[in-house]
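Since the structure comes first, as structure tokens, the remarks are kept for the end.
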Amino acid sequence: MSHDYPRLRRLAYFAAVAEAGSIRGAAERLRLSVPVLSAALADLEADLGVTLAQRTTRSFQLTEAGLAVQAEAQTMLAAAERAKGVGSGTMALSGHLGITLPLELAVHWLPPWLAQFQALHPGVSLSVDATDAIADLATGPYDVALRTTSEIDGAAKAPGEMDLTCVVKSPVPMERDGSRLNVPVPLLARRESEPMLPARDGDGTPVELHFNGLMAIRTREAARAMVRHGLGAAMIMGISAREDLDQGRLVTLDPTLSFGHIRVRSVFRDTLPTQAARAFTALLRENQAISSR
């Protein structure tokens, strides 16, 4: 039995509009733009071949067909509400799950979690967009985005957080000038500002690492590959450098310095996430793979 998942999403949107009494009110509730929601309703009307509402700039009135579709949509949503606990139980799900996340996470962090999720829910098809570009959740083919934030606060690493490290191809001599460390290699980074990295030494004192230049790169994964060829230094997730560090292909710039932690968080497409999206993020939270902060 096949399902038209875009139609199901549009029905959920329509139910929200009917309940709010306006497209704008539903858009605010769903955290979608008015044009996106209007387009979804127009697509639903074209798909069903009926006019669901008479709408002007001042009013929104359901037609007879709209009232009938609203009742069916509410029934669908009620069933979905009853099934909310399915993702954390033993019942397998079906459908599709679209994920977008940074390349470094996709390569070095995501695979075991995807494998575990598919073992639990083999009926869910997956698509993964690994990109460091900004993804448009409102119009893109994604159900959930996994995003990272980093900070250097001197605090102990919390569940769902991973160490950051600065790596080079071989040990480099650094000159210390008070709280400033001068590093004689270029920094590979996605920015155009001063080539400097903040860090903390062993007793928590803030330190600034100043590099002799800056080389702009597109992704952290690209930076890691360039470091392996001796082209500079890069700050990446410790988990992504583990194999290189263990086999001696890379070394840490200074093992006594802390560069902070990276935190992974999930962002749903809207306030009506699919069961698969809820189940996947629940799996990550239950295993402390993403931060709840």
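Brief remarks follow.
- Matching residues, region 207-223, being part of a helix (DSSP H, G or I) and of a type in the set (A, V, I, L, M, F, W, C): ALA222, ALA223
- Extreme residue, most open to solvent (accessible area, probe 1.4 Å), among residues of region 98-138 that are among the small types (Gly, Ala, Ser) and farther than 21 Å from ARG263 by Cβ: ALA119
Each row is one residue, and each column tells you yes or no for (1) open to solvent by 60 Å² or more (accessible area, probe 1.4 Å); (2) within 27 Å of the chain's Cα centre (by Cα); (3) modelled with pLDDT of 85 or more.
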site	(1), (2), (3)
ILE23	no, no, yes
ARG31	yes, yes, no
THR51	yes, no, yes
THR57	yes, no, no
HIS96	yes, yes, yes
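- Scanning region 114-123 turns up at least one residue that is part of a loop (DSSP other than H, G, I, E, B) and either among the aromatic types (Phe, Trp, Tyr) or out of contact with any helix residue (DSSP H, G or I) (no Cβ under 6 Å at 6 or more places or on another chain) (or both).
- Here MET226 meets the list (1) farther than 22 Å from SER258 by Cβ; (2) under 23 Å from the mean Cα position of the chain (by Cα); (3) part of a helix (DSSP H, G or I) almost entirely, failing just condition (2).
- Residue match in region 195-218 (condition: free of Cβ contacts under 8 Å to residues at least 60 places away in the same chain and either open to solvent by less than 10 Å² (accessible area, probe 1.4 Å) or within 30 Å of GLY95 (Cα to Cα) (or both)): yes
- Qualifying residue in region 257-279 (condition: farther than 27 Å from ALA119 by Cα and open to solvent by 40 Å² or more (accessible area, probe 1.4 Å)): yes
The values are calculated or read from the model by the stated rules, or taken from the named source; none is laboratory data. Treat the numbers as computed from the prediction; the structure is a model and nothing was measured. Cβ coordinates were reconstructed from backbone atoms using ideal geometry, including for glycine residues, and neighbour counts include every protein chain displayed. Keep in mind that these areas ignore ligands, DNA and RNA; they rest on the heavy atoms of the full protein, side chains included. Shrake-Rupley method; radii C 1.70, N 1.55, O 1.52, S 1.80 Å.
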